[in-house]
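Below is one structure, written out as structure tokens; comments come after it.
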């Protein structure tokens with residue numbers, strides 16, 4: 001499959017199943033109001049040059065998307081649904 005336009009193909013990242021205090025959270029309660037995703041593919045006219053394949057991006061919990069019906073949980077989204085991205089931590093200074 002090749003994406004067209006200003007879209008991304010995203011794969012879900014694993015959900016934290018315990019709170020910081022060690023409490024096991026039900027699947028529906030895990031997470032906050034944002035969701036983290038791995039970028040699998042970019043569309044032919046993707047408009048955010050800072051986002052690359054393999055990056056981790058964040059979307060709102062409820063957002064407009066198309067779910068692939070292959071059981072993978074992957075979603076096709078427009079670029080305006082991406083609210084941020086996880087940047088690598090800087091190397092410690094010696």
Quick test for you: out of 85, 35, pick the one residue that is touching a strand residue (DSSP E or B) at 6+ places or on another chain (Cβ under 7 Å) and at pLDDT below 80.
35
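Of everything in the range 5-31 that's in a loop (DSSP other than H, G, I, E, B) and exposed (fewer than 10 other Cβ atoms within 10 Å of the Cβ), which residue is modelled with the lowest pLDDT?
Initially, the range 5-31 is screened for residues in a loop (DSSP other than H, G, I, E, B), giving 5-6, 13-17, 19-23, 25-26, 30-31.
Going one step further and asking which of them are exposed (fewer than 10 other Cβ atoms within 10 Å of the Cβ), we end up with 14, 20-23, 26.
Details: 14: 70, 20: 66, 21: 72, 22: 69, 23: 67, 26: 50.
Going through the qualifying residues, I end up with 26.
Residues that are buried (at least 16 other Cβ atoms within 10 Å of the Cβ): list the strands (runs of 3 or more DSSP E) wholly contained in the range 32-90 that include at least 2 such residues. Step through it out loud before you land on a result.
Details: elements: 34-42, 56-60, 75-78, 84-86.
Once the strands (runs of 3 or more DSSP E) in the range 32-90 are filtered for at least 2 residues that are buried (at least 16 other Cβ atoms within 10 Å of the Cβ), what remains is 34-42, 56-60, 75-78.
The values are calculated or read from the model by the stated rules, or taken from the named source; none is laboratory data. The structure presented is a predicted model; accordingly, all values stated were derived computationally and were not measured. For neighbour counting, all protein chains shown are included, and Cβ atoms are generated from backbone atoms with ideal geometry for every residue, glycine included.
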